[in-house]
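Engineer: I am attaching a structure below and will ask some questions about it afterwards.
Only the coordinates and a few stated rules stand behind these numbers; no lab work does. For clarity, every value in this text was computed on a predicted model and none was experimentally measured. Note that we place each Cβ from the backbone using ideal geometry, even for glycine, and neighbour counts take in every protein chain shown.
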Amino acid sequence: MLPLLVQLPPMENDWISFDVPSLMQNFWSATFDGLTFGAIYALVALGYTLVYGVLNLINFAHSEVFIVGCYAVFFTLSGLGFGPSAPRLDFWSIVLNLVLALVVAMVASALTAFVLERVAYRPLRKRNAPRLVFLITAIGASFTIQYLIYLWRGPSPELAVTMFRPTPIFDVFGTIVDSQQLVIIIAAVIMMVGTERFIRKSRTGRGIRAVAQDPDTATLMGVNKERIIITTFLIGGVLAGAAALFYVMKIPSGVQYSGGFVLGIKAFAAAVLGGIGNVRGALLGGLLLGLIGNYGQILLGNSQWTDVVAFVILVLVLLLRPQGILGTSLGRSKA
Amino acid sequence: MSMTDGPTPLPEAAAAQAAADREAVTAGPGSSVTPEKRGRPGVFGAWGERWNALSRQQQWAFLIVVVILAYMLPLINPPIITTEPGNNFALACFDMARFALIAVGLNVVVGYAGLLDLGYVAFFAVGSYCAAMLTSPDSPFLHIPYLWTIPIAMTVTMFFGVVLGVPTLRLRGDYLAIVTLGFGEIVRILATIIPAMKGQVGFQNVGHPPGTEADGTPIFSNSNGVPWYWLTLSIIIVITLLVGNLERSRVGRAWIAIREDEDAAEIMGVPTFKYKVWAFAIGAAIGGLSGALFAGQVGFVNNQKFDVTTSILFLAAVVLGGAGNKVGAILGGALVSYIPLRFTAVAEYKYLIFGIALVLIMIFRSQGLLPARQRLLAYGRTAYQRVTQKDSTGPSSAGTPPAAGPGQDQNREKGVQA
């Protein structure tokens, strides 16, 4: 893709090195992997974006909503007898297991989001507390959930649970796309589109947009604001639950008490990149961030660079285009 | 805690903030300005009233006693308070002082300017690495005496503060929170993956201030907490005085105006962006300072010591003590460090405890233990006395022209209050 750079040898430097040939070699596999991660980021980013759109609040505890979903997936699957090595199952029992895990994760995450809203945010909203109070409460709640999990499950990651071995489906430019990547990307995009349609077309969705635009006027027009807020948290929770399932599929041994934290920051960066408060922006931002992070990781030769790259992108977006790529808010999106 | 004359024009008013510090009376929204009619005084409110009734000399005498007691603390080693046998009390004192210093720094950002910094540990880490990389024999860089690394660490962290602050502070405060949160994690990751920063291996034998005992052992050794505690305590006093002066100056009034209502402040001609960057940079510098002290005391720096979770502990310290109140920050910092050291049985649960504490404080008592005063920042004492003498005249007498601007915040809610 970049003919000029190909001729350069990998630069040897003290602390950072650019491995361009490796990126060229793995470009397409990095792309598909990046899109898979991007789909997961996008689902979590939607939770941030929706709550931000409606309440103007960064829900720091959303990363914990996600990690609770991960644990739900883990317990469901290990309860069903899955372990580190994938069993041989026929197609329909795989689907059945997946759907079961998905439902459990969605319920667990949505429940967490619900409790969070009721216990932490609602008392503050009733009192009309300043923004800083909301933020501190959010981070405190996130911290609390994280350490409850820590005290319960300990610091080490859970055993891996694998549902099925990814089978190659087709290949693009000599790179194999496997069934797992395909399932994750397609399912995530369907969910995102579904959410978008729901917010655009349904009665509740109209309520969400109304509250995002102007809570007081919406209330005067007969919108039940509290119900809308709870619904928003629930939608965010459900999507985070779905993201949790895909995350466990992608990284089977990634279930850890602190696992939500970094993913949460990346998902938020994705939401900001696409334009916070914008549902389509979350999808775009998530996919872009997944791609850039994966390219960066291969280019720089260490998986931890993904986080650094995501962070640098967040700062750059804030510096250059703080409204994000698509930039419209939830309330203003057309009906 | 301020004990010097600040650069305020009225000499008698200048040093009055110590009085006002303890005033600690919260006004409910829209409550009257007169002290008699102020809202719930809180547990410490009564103390505040009594403190203000004292004469200047009495306040000084009391403060000097408190400071001397603070210096003597590790030597007295009071029986119930002591953290022994679980933890060496002198080292515990140093740890408390370290947290208190961090809380004072974070208080500038969160308490005064109302900006939420969730990655404060990153500045602390940058300060530690500055001290370590410039003194440790493990580092290939230039080696300089330890004490010189302190101003260098402060400058470097200030630079990082500006670099982070400039893109984010133009926007709403929420972005700052998430960017700092990310920064906290990134510094730790960079320390892991950049070879020059040595990851988990870290830097041994970080330098310490000069001076040896008669038998040749260094005074500032890793195991002896007392000199380190004294050094840190002295720094806390100096920093508190400086921060107190800033608070009473134009800068401090700008911060509080920004915290209360950024749009209104902007319209009134406060260059909000400039002052936000200043608050952030000053907070960062104090974080770097405490990081350098920590590196010197422990003598070993690696990437394992700077979790983002520690940042939340720092935030808990400020919020617990009372955001916007210097004394509260010191108290909160000391408590957050002290509780796990004293009650070792709960040490394992400290993150959970302080996480829950954050939520509960915000819901039920968002002003913290020592609430920030709703007060006149300039000419504080004079105005206060006038108000108490002729309380019938109410706000108009308090609103002497120079005090009128900040006086407005009396009727308004403080940033972290509900």
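Engineer: Could you list A:M221, B:M268, B:M154 in order of exposure, starting from the residue whose Cβ has the fewest other Cβ atoms within 10 Å?
Structural biologist: A:M221, B:M268, B:M154
Engineer: Could you give the dipole magnitude of region B:87-365 about its Cα centre, charging the beta-carbon of Lys and Arg +1 and that of Asp and Glu -1, in debye to the nearest 20? Can you show the working numbers first?
Structural biologist: Details: 16 positive and 15 negative charges, 58 e Å.
Charge dipole, region B:87-365, about its Cα centre: 280 debye, nearest 20.
Engineer: Right, next: Can you tell me the Rg and the Dmax, both Å, for the Cα atoms in region B:87-365?
Structural biologist: Cα-based Rg and Dmax for region B:87-365 come out at 18.3, 64 Å.
Engineer: Rounded, prolate or oblate, given the Cα gyration tensor of region A:17-320, with a/c below 1.5 counting as rounded? Can you show the working numbers first?
Structural biologist: On the way: a/c = 1.64, a/b = 1.41, b/c = 1.16.
Note, shape of region A:17-320 comes out prolate.
Engineer: Find which of B:V109, B:A92, B:G199 sits farthest along the positive direction of the dipole of region B:87-365, computed with +1 on the beta-carbon of Lys and Arg, -1 on that of Asp and Glu, about the Cα centre.
Structural biologist: B:V109
Engineer: When A:R227, B:R188, A:R88, A:R125 are ordered from fewest to most other Cβ atoms inside 10 Å of their Cβ, what list results?
Structural biologist: Working: A:R227 12, B:R188 21, A:R88 6, A:R125 16.
Listed from fewest to most nearby Cβ atoms, that is A:R88, A:R227, A:R125, B:R188.
Engineer: On a 25 Å Cα-Cα criterion, which of the cross-link pairs B:K198/B:K305; A:K201/A:K225; B:K274/B:K305 come out too long?
Structural biologist: Going by Cα-Cα distance, B:K274/B:K305 fall outside the 25 Å limit.
Engineer: Filter chain A for me: DSSP H helices, axial length by Cα at least 20 angstrom, mean Kyte-Doolittle hydropathy not below 1.6. List them by residue number.
Structural biologist: A:91-116, A:259-274, A:305-320
Engineer: For region B:82-94, what does the Karplus curve 6.51 cos²θ - 1.76 cosθ + 1.60, with θ = phi - 60°, yield as ³J(HN,Hα) per residue in whole Hz, taken in order and with x for Gly and Pro?
Structural biologist: 4, 8, 6, x, x, 9, 4, 5, 5, 5, 4, 4, 4
Engineer: Which residues' amide hydrogens lie under 5 Å from the amide hydrogen of A:I176, considering only partners 5 or more residues apart or on another chain, with H built in the peptide plane?
Structural biologist: Under 5 Å from the amide H of A:I176: no residue qualifies.
Engineer: Pull out a ≥ b ≥ c, the square roots of the eigenvalues of the alpha-carbon gyration tensor of region B:174-309, then state rounded if a/c is under 1.5, prolate if not and a/b is larger than b/c, and oblate in the remaining case.
Structural biologist: On the way: a/c = 4.01, a/b = 1.55, b/c = 2.59.
The shape class here is oblate.
Engineer: In what order do B:T310, B:T155 fall by count of nearby beta-carbon atoms within 10 Å, going from fewest to most?
Structural biologist: B:T155, B:T310
Engineer: Which whole-number percentage describes the relative contact order of region A:17-320, with Cα contacts under 8 Å and a sequence gap of 6 or more? Please report the intermediate quantities before stating the final value.
Structural biologist: Details: 490 pairs, mean separation 120.6, N = 304.
It rounds to 40 percent for region A:17-320.
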